[in-house]
1. Can you give the helix-only mean residue ellipticity at 222 nm for the chain, where every DSSP H stretch with n ≥ 4 adds -39500 (n - 2.57) and the sum goes over all residues, rounded to the nearest 500 deg cm²/dmol?
2. For V92, which sequence-distant residues (separation of 5 or more, or a different chain) have an amide H within less than 5 Å of its own amide H, given hydrogens modelled in the peptide plane?
3. Would you mind ranking I257, I326 so that the residue whose beta carbon has the fewest other beta carbons within 10 Å leads the list?
4. Where does each of T238, T323, T280, T22 land when they are ranked from fewest to most other beta-carbon atoms within 10 angstrom?
5. From the Cα gyration tensor of the range 41-175, with a ≥ b ≥ c the square roots of its eigenvalues, which class applies: rounded if a/c is under 1.5, or else prolate if a/b is larger than b/c, or else oblate?
6. Of G41, N77, S258, which is farthest towards the positive pole of the range 2-343's charge dipole, taken about the Cα centre with +1 and -1 on the beta-carbons of Lys, Arg and Asp, Glu respectively?
7. Mind pulling up the Rg/Rh value for the range 81-150? Radius of gyration and Kirkwood radius, both on Cα.
8. Give me Y194, Y160 ranked fewest to most by other Cβ atoms within 10 Å of their Cβ, as a rough exposure proxy.
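Just so you know, all these numbers are worked out from the coordinates, no wet-lab data involved. Remember, it's a predicted structure, so these values are computed and weren't measured experimentally. Glycine also receives a Cβ, built like all others from the backbone with ideal geometry; neighbour counts cover every protein chain displayed.
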Amino acid sequence: MYKLIIRPILFLFDPEKVHYFTFSLIRVFCKIPFVASIFRGLYQVNDKNLERTLFGITFKNPVGLAAGFDKNAVLYNELANFGFGFIEIGTVTPEGQAGNPKKRLFRLKDDKGIINRMGFNNEGLETAIHQLKKDRGDLIIGGNIGKNTQTSPENYTKDYITCFEGLHPYVDYFVLNVSCPNVGSHVKLNDKAYLAELILACQKLNNAQATQKPILLKIAPDLNNQQLDEIIELVTETKIDGVIASNTSTNRANLKISKEQLETIGNGGVSGQPIKNQSTRVIQYLSDKSNKSFPIIGVGGVHSAEDAIEKIKAGAALVQIYTGFIYEGPSLIKKINKAILKDL
């Protein structure tokens, strides 16, 4: 029904406007008596064999929603009805910011992909905290954090620490987003020495808390083997809890969309099916080269159960979807979980 009727209608309109319209629709539907339970009946797969325990957290299933979908933590309670094992909110920055000028979100229909240059648009830390206080405790929540676009390099760490400290009581794990190609000024964030400094600063604050929360690093799919070796060294040296592979890509090779259309679209990170193989390659390399010494969450181009299984076999302990959720609909979560059970 989704792909035959709902998606064709939604795809007639501007992607960013449709995103917020869909949010409103889901929120309204879930307020109608019994609708939320109908969604749960349709999409959830509850089986102990799906549980995964990583960095001290037990996930009821290994399929999560990637950051960027629920930036301001306004819909995670409703989205839990669709069967996710965890949801990552954000990217959250200390202050709210509008992000890059519109139009900044584009569908690549023939490629089953998206190009975005949103630029960390979000309502800021205080709004996220306010929304997270409404948590019904139905699933694991991750907090994806970043810096404000206008923050000067000497204050990058301060931005991450501000978000870390503010969200600490309300999320189950943290993701340091240092690899988004859409916010500029990322030269310092790609430097191994600075990343070690940032991770250690967050860990120091974490260790001062009564309860410690796992910290993960989100990396780009465009890293070469030497850069991936540096990531492995970084994880080993800092003992950070894990890696999310991967963010969006700046690589536009082998797309079906014409070069003229790409030029019209302009800059932005590619997500969805076009980056599936890139993301899986990164997962496989990190897993093999590190001898599976740290957990990896696999994201990028998961549009089917087969895509998810491929990432798990490459070394991902958990998977996340985003663009696949938009193209394939909520039934994708159930299909992946059923396939995982069958594969077991």
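1. On the way: 13 runs with 134 residues, N = 344.
For the chain, the value works out to -11500 deg cm²/dmol.
2. The list, which skips near neighbours in sequence, is N144, I145, G146.
3. On the way: I257 19, I326 23.
Starting with the residue having the fewest Cβ neighbours, the order is I257, I326.
4. Numbers: T238 18, T323 29, T280 24, T22 14.
With the fewest neighbours first, T238, T323, T280, T22 line up as T22, T238, T280, T323.
5. Values: a/c = 2.06, a/b = 1.30, b/c = 1.59.
Because a/c hits 1.5 or more and a/b fails to exceed b/c, the range 41-175 counts as oblate.
6. In the range 2-343, that residue is G41.
7. Values: Rg = 14.6 Å, Rh = 14.0 Å.
Rg/Rh for the range 81-150 comes to 1.04.
8. Values: Y194 16, Y160 26.
Going from least to most buried by this count: Y194, Y160.
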